[in-house]
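Below you'll find the structure, written out as structure tokens, and then a few comments.
The values are calculated or read from the model by the stated rules, or taken from the named source; none is laboratory data. All of these numbers come straight from a predicted model, not from anything done at the bench. In this analysis, Cβ positions are derived from the backbone assuming ideal geometry, glycine residues included, and neighbour counts consider all displayed protein chains.
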């Protein structure tokens, strides 16, 4: 009983008289029902190749025989939308959504169904690779002896689909991840998947996500790969995603694009968001200005604690930008700071100027990352305000962005948002 494509490919095909007439070189499956049906096999003979209907072959026996002589068997060429299992599926890469990684298809699982042989899944295991090489039996025996048996890694065909119809250039396959399913993954996991794909496949996945999830995923990716994806997107789609991103992350991505393309996308963004990003692009990489975000909470000293809390509710800032509430004067100069804890426990009628801390640790927009890291470490802070040459507050550097900058590239996955300390 044939269970895998590897057990079919290369097998001799015999005529009704038992004499060999050729060998199987490929197989075509037709999609339409719940599972693809094996409709024909490509038989390679001394005179060339011929597509033979699967129904004319005894595929359920140890010896594959034709129901009639080769010259009497009708040819059944695959349709353009049919999947050629060897050409279009075997050795292709797909996404394993359960382990958040890209895997290679080493074999295709077949099974009997009402109409004949159906394709039920793909096998991405080492065991499948050994099976194809014809050395599975002895290696599996050794693995069992040492207590480490080999296992198949089957991915159901329900989770696999073709990206393109099979044709002269060959088809490609991917994991079928419905929008609602992939959107439930953490953006860091989606980023792990996307970064393992080729540029076109990366773009296809990002295009399938809603804008917010796409923005979160782009933020989790390395800048180079993120820039490649953004560059391939349509202008409006790319601009929507950039607007949804934190300004510092959007600036990092645009900074890795050719200047002409970066200017094009900035032109498609809303003026306010574009202005924030342009401001950040003006700073050198590895400085406080290059690391900071312009998303922060600033209030006036004459506001009450209750007014400030109401203001926060209105703004609904992201968690990482509300570690502290900064106090500025009418010229946007930094005059004080208070933690979220201090704000919550303060008397609702108390003026911010009376409860704020006036001695604020800060950095200059042109300070180097090493100096900023020293201040974070010395004072155990979650965020640092960044001032321009006139002592105006222009942004904040958060501890997660600082740590991400310091980590080596292979460990630069966005850090989880930190809770604000309460002491």
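Just one of the listed residues (302, 210) is in the same structural domain as residue 339 (by TED's automatic domain parsing) and more than 25 Å from residue 399 (Cα to Cα), and it is 302. If the condition is being touching a helix residue (DSSP H, G or I) at 6+ places or on another chain (Cβ under 9 Å) and surrounded by fewer than 18 Cβ atoms within 10 Å (Cβ to Cβ), then segment 237-262 contributes 237, 255, 256, 258, 261. Looking only at residues of segment 190-236 that are outside any helix (DSSP H, G or I) and out of contact with any strand residue (DSSP E or B) (no Cβ under 8 Å at 6 or more places or on another chain), we find that the one that is surrounded by the most Cβ atoms within 10 Å (Cβ to Cβ) is 221. Of note, residue 287 satisfies the criterion of being surrounded by 20 or more Cβ atoms within 10 Å (Cβ to Cβ) and not assigned by TED's automatic domain parsing to the domain that holds residue 188. When we screen 325, 360 for residues that are without any contact (Cβ under 8 Å) to a residue 40 or more places away in the chain, part of a loop (DSSP other than H, G, I, E, B) and in contact with a strand residue (DSSP E or B) (Cβ under 8 Å, 6 or more places away or on another chain), the only hit is 360. Residues that are over 19 Å from residue 294 (Cβ atoms) and surrounded by 19 or more Cβ atoms within 10 Å (Cβ to Cβ) within segment 305-334 comprise 305, 308, listed in sequence order. When the test is whether a residue is surrounded by 19 or more Cβ atoms within 10 Å (Cβ to Cβ), within 30 Å of residue 123 (Cα to Cα) and modelled with pLDDT of 85 or more, residue 274 does not pass it. Within segment 14-28, being crowded, with 21+ Cβ neighbours inside 10 Å, out of contact with any helix residue (DSSP H, G or I) (no Cβ under 6 Å at 6 or more places or on another chain) and over 19 Å from residue 132 (Cα atoms) holds for one residue alone: 22. Here residue 272 does not fit the description of being outside any helix (DSSP H, G or I) and either more than 16 Å from residue 212 (Cβ to Cβ) or without any contact (Cβ under 8 Å) to a residue 40 or more places away in the chain (or both).
Of everything in segment 295-304 that is touching a helix residue (DSSP H, G or I) at 6+ places or on another chain (Cβ under 8 Å) and modelled with pLDDT of 90 or more, the residue that is surrounded by the most Cβ atoms within 10 Å (Cβ to Cβ) is 296.
Scanning segment 1-19 for residues being under 17 Å from residue 70 (Cα atoms) and either at pLDDT below 90 or outside any strand (DSSP E or B) (or both) gives a total of 6. Against the test of being farther than 20 Å from residue 398 by Cβ, in contact with a helix residue (DSSP H, G or I) (Cβ under 7 Å, 6 or more places away or on another chain) and in the same structural domain as residue 383 (by TED's automatic domain parsing), the options 274, 350 yield a single qualifying residue, 350.
Of all residues in segment 32-66, those that are in a loop (DSSP other than H, G, I, E, B) and within 42 Å of the chain's Cα centre (by Cα) total 7.
Among all positions in segment 358-366, there is at least one residue which is surrounded by fewer than 18 Cβ atoms within 10 Å (Cβ to Cβ) and in contact with a helix residue (DSSP H, G or I) (Cβ under 6 Å, 6 or more places away or on another chain).
Looking across 368, 374, one residue alone is over 19 Å from residue 297 (Cβ atoms), modelled with pLDDT of 90 or more and touching a strand residue (DSSP E or B) at 6+ places or on another chain (Cβ under 7 Å). It is 368. Here is the figure for segment 284-322: residues that are outside any loop (DSSP other than H, G, I, E, B) and farther than 17 Å from residue 362 by Cβ total 14. Once segment 106-134 is narrowed to residues that are in a loop (DSSP other than H, G, I, E, B) and at pLDDT below 90, the residue that is nearest to the chain's Cα centre (by Cα) is 124. I'd like to know if segment 255-269 contains one or more residues that are in a helix (DSSP H, G or I), outside the structural domain of residue 214 (by TED's automatic domain parsing), within 28 Å of residue 406 (Cβ to Cβ) and out of contact with any strand residue (DSSP E or B) (no Cβ under 8 Å at 6 or more places or on another chain). No, because not a single residue in segment 255-269 is in a helix (DSSP H, G or I), outside the structural domain of residue 214 (by TED's automatic domain parsing), within 28 Å of residue 406 (Cβ to Cβ) and out of contact with any strand residue (DSSP E or B) (no Cβ under 8 Å at 6 or more places or on another chain).
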